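One structure is given below, encoded as structure tokens.
Only the coordinates and a few stated rules stand behind these numbers; no lab work does. In this text the structure is predicted, and so the values were computed from the model without any measurement.
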Amino acid sequence: MKKAIVRNIVVVIIAILLPTTIFAQKIDTKTALELIKTHSENRYATWIELINKISKNKKVKIAEIGVWKGAFAAQILKNCPNVEKYYLVDPWRHLTDWKKPMNLNDDKFNKIYKETMKTLDFAKDKICVLRGTTLEVVDQINDSELDLVYIDGDHTAKGVVIDLIKLFPKVKEGGVIGGDDYEENIYHHDPNRFDPTMVKPVVDGFVAAHNVKHLFWNKNQFAFIKRGSGNTARPKSALNGSTARKTPDHSAVFSSAWSQTSK
Ligand SMILES: C[S@@+](CC[C@H](N)C(=O)[O-])C[C@H]1O[C@@H](n2cnc3c(N)ncnc32)[C@H](O)[C@@H]1O
């Protein structure tokens, strides 16, 4: 009787530890930690390295929401050779309902647009310009088409909600949803004139609702992995990496990076 109990306990322990061990072998923790340390002050370098990791053995498609003058896009396109398609989503026009300092007049935005196209001309075969707000153009991207989306557009509560909800279906299972300006301080600008920057509160709510592990590694950058199509009823074991479910390779790398930094 005693022997049977001990045997059962051993079987249960093995059943719990085995998937964790298999999962852990996929994780390149050392590289991830070095990456975090090395690039903690430089968002370009961080994203370049992470994109190169997820695209090591395959071509990837990316969308950037909010492009401005194309500085981020240029860095990624210059330094990530396996990016085969890069969507640039930005209205480059004055928006009547956007209370942010970057909301310039149409003339200024037209100049910025031209400047951006010149800056990114070197990658003209890879870029796909979607000139419009997220709501206006997002459906030109197919569902599950993207390996990664970088959200850096509207930044208001309404805008971030729209970006997350509308981009989520466009990202593949195991793909990455991330962005800029994930900060405790929501008042980046004069609160009497401009809306607060609501990236952090909205992203926090979104990941909680989707029951995904919230991951971030840098002062003001956020990222999480898409797991499941908005299914909120997954068992807890699916969230901490101990699940036996097949996990895409790059998902494991990212899990490692962010779970370490969120401690
Ligand atoms: C912070 S800038 C982007 C900076 C750029 N990602 C970079 O790192 O170089 C914000 C941009 O978001 C754009 N934007 C504002 N509202 C938007 C919306 N609803 N959809 C898409 N882009 C939007 C603005 O036109 C502006 O160019």
Given 0.36 nm per residue, what is the gain on full extension from A208 to K59 after removing their alpha carbon distance, in nm? 50.6 nm
Pulled fully out, how much extra length does the chain show between R131 and Y44, if you take 0.36 nm times their separation in residues and subtract their Cα-Cα distance? 29.0 nm
Report the gain in length on full extension from E184 to E84: 0.36 nm times residue separation, minus Cα-Cα distance, nm rounded to one decimal. 32.6 nm
